[in-house]
Ligand code: ADE
Ligand code: ZN
Ligand code: ZN
């Protein structure tokens, strides 16, 4: 009897833990989104930055580092990280205002600046820089998921229930993972293939445009303008998130992942090996001049390397041949949903 009570008690603990995990607000791109952003970013690293990253991460893959902040969420030692994954903006605001929305530095924008500075500081202990690197890789991804720059009242869309491809879901989850899952179901490969495909479609002009500002507050504002469009294009209550919604928003989703990756790569080059991106660019220009190749107008190189293997421990990406962008952002139809 005693043991039956004990096992019932432990079962109810398991059930309530499972239930609370299922109900807990979601805090991030799903694993796939984070891994895609991280591998696009680290494919851009200079040799010196790669070395520094390897020295800090040891055997940990970039993909694992990217999702570390989510895996640690239930560890009481790391609950302080929970409010750092997002930033909230008042419902009636048309843009972000850090003086108003900064929440005493406890949000994703200030966290990116804080952990970038720690990563940059080589006098800091390696452990501290490893935590900073894991958080940075994760938070730059989060900041490019529009619902992470959103409204407090609905917990960044976590409370916006919606049918998604026939299943009960919410808008935050749709953008964290379900649209990416839908895309992965369409194609043969997993996240690494999707990462390589996206990376190869980045043009030098996009690279230049997306890295024009290194200020995470500017990035957050861009994300927020997408968020506002997403609230206006709320899925129909009857049909929910369906194929038409997916088709309409897929270009935006892809661009969010690419922009996040490119900005992450630029930020990591600067934090891990300051000056190395410029040195690599100058060396390439000198080499090209010698061989008579015309100089590129882009300041940065598009991400290249070798494709990351889905489960592989290292983090390389395939040679990129930048191609023309397939299509620009499709402005969604406005449905008159609340703003
Ligand atoms: N909780 C409150 N706001 C949130 C947001 N924008 N994203 C994730 N979780 C949240
Ligand atoms: Zn997150
Ligand atoms: Zn999320």
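The values are calculated or read from the model by the stated rules, or taken from the named source; none is laboratory data. All values reported here derive from a predicted model rather than from experimental measurement. Here Cβ is always computed from backbone atoms with ideal geometry, including for glycine, and neighbour counts include all displayed protein chains.
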Picked from the range 159-193 (must be more than 15 Å from ligand 1 (Cβ to nearest atom) and part of a loop (DSSP other than H, G, I, E, B)), the residue farthest from the chain's Cα centre (by Cα) is 166
* Residue in the range 89-101 that is within 16 Å of ligand 1 (Cβ to nearest atom), surrounded by 13 or more Cβ atoms within 10 Å (Cβ to Cβ), under 21 Å from the mean Cα position of the chain (by Cα) and modelled with pLDDT under 95 present -> no
The lone condition residue 142 fails out of (1) surrounded by fewer than 21 Cβ atoms within 10 Å (Cβ to Cβ); (2) assigned to a helix (DSSP H, G or I) is (1)
Here the residues within the range 65-88 that are in a helix (DSSP H, G or I) and either buried (at least 19 other Cβ atoms within 10 Å of the Cβ) or touching a strand residue (DSSP E or B) at 6+ places or on another chain (Cβ under 6 Å) (or both) are 65, 66, 67, 68, 69, 70, 81, 84
Here the residues within the range 201-216 that are touching a residue at least 12 places away in the same chain (Cβ under 8 Å) and not in a loop (DSSP other than H, G, I, E, B) are 204, 205, 206, 207, 208, 210, 216
Apart from one, (1) part of a loop (DSSP other than H, G, I, E, B); (2) surrounded by fewer than 19 Cβ atoms within 10 Å (Cβ to Cβ); (3) in contact (Cβ under 8 Å) with a residue 12 or more places away in the chain all hold for residue 122; the odd one out is (3)
- Message: For the structure I just gave you, tell me whether residue 37 is out of contact with any strand residue (DSSP E or B) (no Cβ under 8 Å at 6 or more places or on another chain) and within 16 Å of ligand 3 (Cβ to nearest atom).
- Response: yes
From the option list 169, 195, 177, 161, single residue qualifying as under 19 Å from residue 262 (Cβ atoms) and at pLDDT 95 or above is 195
